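Where a number appears in this text, it was derived from the coordinates with a stated rule and is not lab data. Computed from a predicted structure; not experimentally measured. Positions of Cβ are generated from backbone atoms using ideal geometry, with glycine treated the same way; all protein chains shown enter the neighbour counts.
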Amino acid sequence: MSRLVIVVEKASDWGSYYPSDNVVAAQDYLKEPIAADDERVQVINLCRSYKYLGIGYYVSLLAEARGHKVIPSVRTINDLRKRALYGLDIEDLNQKLTKFLPEGGRDTTDFGVLVYFGETSYTTLSDLARQVFDTFPCPILRLEFEREKVWQIAAIKPAGLHTLTDQQEDSFAASLDKFSKKLWRRPRARKAYRYDIAMLADPNEAMPPSNKRALKSFVEAGREIGIEVEIIGKNDYSRLAEYDGLFIRETTAIDNHTYRFANKAEKEGMVVIDDPGSILKCTNKIYLHDLLKSRKLATPKTEILYRDDAKKLAELPDQLGFPIVLKIPDGSFSRGIVKVETVEELKKAADDLFQHTALVLAQEFMFTEFDWRIGVLDGQALYACQYFMSRGHWQIYNHGANATQKSGGFKTLPVRDAPSEVVKLALKATASIGDGLYGVDLKQNSERNVVIEVNDNPSIDAGVEDDYLGEDLYRRIMEEFLRRLERKRLGIAD
């Protein structure tokens with residue numbers, strides 16, 4: 001059985017329609033998870049904007065974390081922000097526009113139509129509307145065309161329910177009613193057959209996930225088992241389809257090219273590590289917290305702060321006690337994390353962070369001399385490290401202007417020598433994310449073990465993570481690529 005949830009940013013946005021128990025305000029949806037039980041929850045996100053780290057963005061983000069089927073997905077939201085994707089994903093459509101557009105528009109230089117769940121009132125453009133919606137599933141899309149010598153798509157933009165006229169609201173309502181009765185389906189992946197892997201890396205990145213020696217070791221390990229590994233950069237996007245697999249060795253984020261590469265590679269039927277789903281789940285701490293919480297996995301005591309919610313901010317010291325750690329959702333390598341010890345510091349830090357995001361993560365402070373990092377590949381523990389705090393600092397990485405060193409020390413050991421309860425917790429955390437390559441950060445004290453975060457693109461540096469396994473670490477990862485390539489060639493599903 002399915003349950004339909006329609007999320008609106010403001011109650012007035014639904015004012016033209018009959019009241020319904022299916023309609024929920026965005027703030028209520030974010031604050032109070034809807035219990036799914038055995039129901040399949042389908043969420044239609046009709047927020048006014050899907051701006052990155054805005055309210056509409058978080059509705060889709062947390063819907064996915066809670067296992068709800070949502071439209072638009074975060075992947076779609078990010079794809080719509082990338083102008084370069086229009087021609088790549090729907091390149092054959094531009095050639096058809098001339099016959100779709102109304103006759104008699106000889107002097108027209110621009111033209112736009114609204115598409116509701118893949119439907120438009122312009123019947124001659126119905127096929128085009130469906131193809132665009134299949135590529136970018138979003139409730140309301142505005143297609144904008146321009147003509148120079150020929151007609152072409154100028155932009156594909158999400159539109160808000162609150163912007164519709166009375167007549168457009170009627171069309172939207174009819175399309176919504178029709179769409180909500182259909183099954184939600186994913187596009188089929190295409191097959192690939194050649195054994196060449198593109199390894200995405202940035203030689204100018206200040207703190208890359210793999211140093212140059214490690215990248216060289218990946219290349220050599222691949223060649224030993226018959227895989228050609230070629231290092232590529234962000235300007236090689238158009239060449240991506242030439243390869244069988246993509247291995248991302250650059251710090252990932254869903255608002256930069258790494259996510260776009262992963263998304264394109266997956267659609268091309270390539271073997272991908274990091275896959276776009278893992279990037280989505282791991283790079284945002286709000287999403288990850290909600291996901292781990294829904295799986296009942298141990299984490300530090302955590303509260304979510306909302307912009308302009310002064311009451312919640314004032315209650316925080318009583319809920320968590322000082323010190324409190326505030327985190328922006330998409331920070332990495334200890335960036336965007338602040339420890340506060342007074343009410344004044346809390347207010348100032350929150351104000352600063354809310355300049356960049358609508359939600360902030362607040363956690364209790366747990367001091368430990370080191371963090372555990374358990375490397376996991378395809379659901380199996382791969383390596384175990386202890387990362388010690390930077391000297392005189394409370395984090396592993398110290399980004400302060402007067403820091404004498406960037407990071408603390410480390411100790412790499414066999415997985416069997418790591419506490420079994422830490423390893424088991426790490427494996428449970430990654431099981432809720434996928435079967436890729438992950439680095440799980442955990443803290444352990446005399447009372448408990450907790451997951452701090454799961455990294456989709458864990459550090460694998462020569463001389464650090466490979467300190468115990470040596471070259472075998474790189475070989476194991478390349479062998480997993482080979483296994484997946486072989487299974488894909490034989491048409492065997494993982």
- Kindly state, to the nearest 0.05, the FRET efficiency for Q27 paired with E146, given R0 = 41 Å and r defined as their beta-carbon distance. 0.60
- Task: Would you mind telling me the antiparallel percentage of the DSSP bridges in the range 1-77, rounded to 5?
- Result: 0
- Subtract the Cα-Cα distance of S20 and F388 from 0.36 nm times their separation in residues, and report this length gain in nm to one decimal. 127.1 nm
- Quick one: check the C-alpha center-to-center distance for the range 297-327 versus the range 206-263, whole angstrom. 38
- Query: trypsin sites (Lys or Arg not before Pro), restricted to the range 278-313: which are DSSP loop and have at most 10 other Cβ atoms within 10 Å?
  - Reply: K296
- The simple spin-label model distance between A174 and N204, using points 7 Å out along Cα→Cβ, in nm, is 5.3
- Query: Sorted by mean Cβ packing within 10 Å, highest first, what order do the peptides 54-60, 229-235 take?
  - Reply: 54-60, 229-235
- Remind me, relative contact order of the range 196-274 in percent, using alpha carbon pairs under 8 angstrom and six or more residues apart? 38
- Counting only backbone N atoms under 20 Å from a point 7 Å out along Cα-to-Cβ of R489, the residues of the range 219-247 in range are 219-230, 241-247
- Order of I328, I492 under a 10 Å beta carbon neighbour criterion, fewest first: I492, I328
- Round to the nearest 0.05 the FRET efficiency obtained for I34 and A11 when R0 = 25 Å and r is the Cβ-Cβ distance. 0.90
- Cross-link pairs beyond the 29 Å C-alpha cut-off, checked among K234/K428; K10/K301; K157/K234; K51/K311; K348/K411; K31/K327: K234/K428; K10/K301; K348/K411
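Show me 439-451, 373-385, 457-469 ranked by packing, highest mean number of other Cβ atoms within 10 Å first.
Per-residue Cβ counts within 10 Å, averaged per peptide and sorted highest first, yield 373-385, 457-469, 439-451.
Rounded to the nearest 0.05, what FRET efficiency do D352 and E242 give with R0 = 45 Å and r taken as the Cβ-Cβ distance? Could you check?
Given R0 = 45 Å and the Cβ-Cβ separation, E is 0.50.
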- Multiply the residue gap between E345 and T124 by 0.36 nm, knock off their C-alpha separation, and tell me the result in nm, one decimal place. 73.6 nm
- Residue order, fewest to most beta carbons within 10 Å, for F133, F261, F354: F354, F133, F261
- Task: Give me the aspartates and glutamates in straight-line cross-link reach of K285: C-alpha distance below 13 Å, same-chain residues under 8 apart excluded.
- Result: E303, D330, D441, E453, D456
- Message: Let's see if you can work this out: charge +1 on each Lys and Arg Cβ, -1 on each Asp and Glu Cβ, no other charges. What is the dipole magnitude of the range 202-345 about its Cα centre, in debye to the nearest 20?
- Response: 260
